[in-house]
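Working notes for the structure below.
Computed from the coordinates by the stated procedures, all read-outs in this text should not be read as laboratory data. As the structure is a prediction and not an experimental result, all values here were calculated from the model. Please note: Cβ atoms are built from the backbone with ideal geometry, for glycine as well, and neighbour counts cover all protein chains shown.
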Amino acid sequence: MQIGFGAFGATHLRAWRGLGLADRLVIADPSAMARAQAAQLGAECRQVADYREALADCTAVDILTPTHLHHAIARQALDAGKPVFIEKPVVATVAQARDLAAQTSNVVMAGYYFRFHPKSLELRRQIEAGELGTLRLLNGRFAGFKRTRKDSGALHNDAVHFLDLFCWLVGSLPDRVFAVTRDHFSRGMDDLALIVVEWNDGPVGQIEAGYVQPGRWPDAVVPGAITSKEIAVSGSSGAVEIDYAAETYMEHRVAHEDSAGVWKPRFAAPAAPRKVAAADAVAVLAAELSEFLRRIETGDRPVGFAGDGLDGGLNMALLLEATETAAREKRVVSLQG
């Protein structure tokens, strides 16, 4: 059952269809307009206003409601014995994340889209193979002119994608974070977030997210938006730039060498694009949901950064809370101890 048919709802429906499961899908949304849109796009699906009408009969739950509803719905689904997939941000508070992470009887998977993008997977392979050397800097820009959301600001809606991606690439939470946020629209939520994270004896990461600065490309998910979704990861022997919107993957084979006290770049090869499979939003989401189904079938639990019982959701709740504290109190916040 898919609970919620908002901005990303159609993409979820198309992904379920791509997996051959749309004819078994129930879409629950209290909005009559949303249900009508779902019916128009997925005539083979059943629509209900209240997810509780169909909870007992479903085999798994896919949650993409406003964030403040995630915990209550997930808790109810888990209590009913259903595996749960939850779109980011998984929950609103660390306490809610701990509550869901404490359950062990069913699969709970967080929806972190960029972990499943082919270009992210290739970058992670290169990092693990040592092709970039020791990681030094991770840059991310997830920003542009687009509409705000009613349930979350730029930090929880957009920056969270690259915060999770960077932690996933490095393999752990950072040790400390500093952030600056702004609420230009006086909504009580940030519309601009600038974040710096640091790993002890490791790389530094910086992320820009927001709605008040120019982007470069029409957004594939949000109609009418012009956004940029790009990262650059630099190591001691090379760097990679990924533009997710333009579907480009650029490699730099370069290392700095000491030449009479002057460190100069030595280029092993010219910067060159690498051919990595393109993927639209439906294909990436289908890969996520396919992994969700695999875990249900096998009972597999994630390890590494994701091994907190909530597929990275608890870790990200801790990092988001620390980031908010850093911005509010204008200080560096430690995530250790």
Q.
Give the aspartates and glutamates reachable from LYS88 as a straight Cα distance under 15 Å; neighbours fewer than 8 places away on the same chain don't count.
A. ASP62, ASP151, ASP158, ASP164, GLU288, ASP311, GLU321
Q. At MET33 and GLN336, where each label point lies 7 Å from the Cα along Cα→Cβ, what is the point-to-point distance in nanometres?
A. 5.0
Q. Local charge sum around GLY4 (other residues, Cβ-Cβ under 10 Å, Lys/Arg +1, Asp/Glu -1)?
A. -3
Q: Could you give the size of the charge dipole of the chain about its Cα centre, using +1 on the Cβ of each K and R and -1 on the Cβ of each D and E, expressed in debye and rounded to the nearest 20?
A: 380
Q | Total charge dipole magnitude, the stretch 105-234, about the Cα centre, Cβ charges on Lys, Arg, Asp, Glu only, Debye to nearest 20 | A | 380
(Q) If I take all pairs of Cα atoms in the chain, what percentage of them are more than 24 Å from each other? (A) 57
(Q) Under 17 Å between alpha carbons, and skipping anything fewer than 8 positions from LYS275 in its own chain: which lysines qualify? (A) LYS119
Q | Potential lengthening between ASP79 and HIS184 on full extension [0.36 nm per residue; Cα-Cα distance subtracted] | A | 33.7 nm
(Q) Give me a comma-separated list of calculated 3J(HN,Hα) values for the stretch 51-64, in order, Karplus coefficients 6.51, -1.76, 1.60 applied at θ = phi - 60°, integers in Hz, x for any Gly or Pro. (A) 4, 5, 5, 10, 4, 5, 8, 7, 9, 7, 10, 10, 9, 9
Q: Arrange ILE73, ILE195 by Cβ neighbour counts within 10 Å, fewest through most, would you?
A: ILE73, ILE195
(Q) How far apart, in nanometres, would the label points at PHE145 and ASP300 be if each is projected 7 angstrom from Cα along the Cα-to-Cβ direction? (A) 4.3
Q. How would you rank HIS12, HIS256, going from fewest to most other Cβ atoms within 10 Å of each one's own Cβ?
A. HIS256, HIS12
Q. Which residues make up the longest stretch of the chain clear of trypsin sites (Lys or Arg not before Pro) that lie in a DSSP loop with no more than 14 other Cβ atoms within 10 Å, not counting the sites?
A. 1-146
**Q.** Charge sum, other residues only, whose C-beta stays under 15 Å from ASP258's C-beta, Lys/Arg counted +1 and Asp/Glu -1
**A.** +1
Q. When the helices in the chain are scored as -39500 (n - 2.57) per DSSP H run of 4 or longer and the sum is shared across all residues, what 222 nm value do you end up with, to the nearest 500 deg cm²/dmol?
A. -8500 deg cm²/dmol
Q: Go ahead and run the numbers for FRET between VAL212 and LEU318, Cβ-Cβ distance against an R0 of 41 Å, rounding to 0.05.
A: 0.90
Q. Hey, what do the phi angles of the stretch 71-78 turn into as Karplus ³J(HN,Hα) couplings, whole Hz, using 6.51/-1.76/1.60 and θ = phi - 60°, x for Gly and Pro?
A. 4, 4, 5, 4, 4, 5, 5, 5
Q: Return SER120, SER105 ranked ascending by Cβ neighbour count within 10 Å, so the fewest neighbours appear first.
A: SER105, SER120
Q. Of the beta bridges DSSP finds with both residues in the chain, what % are antiparallel, to the nearest 5?
A. 70
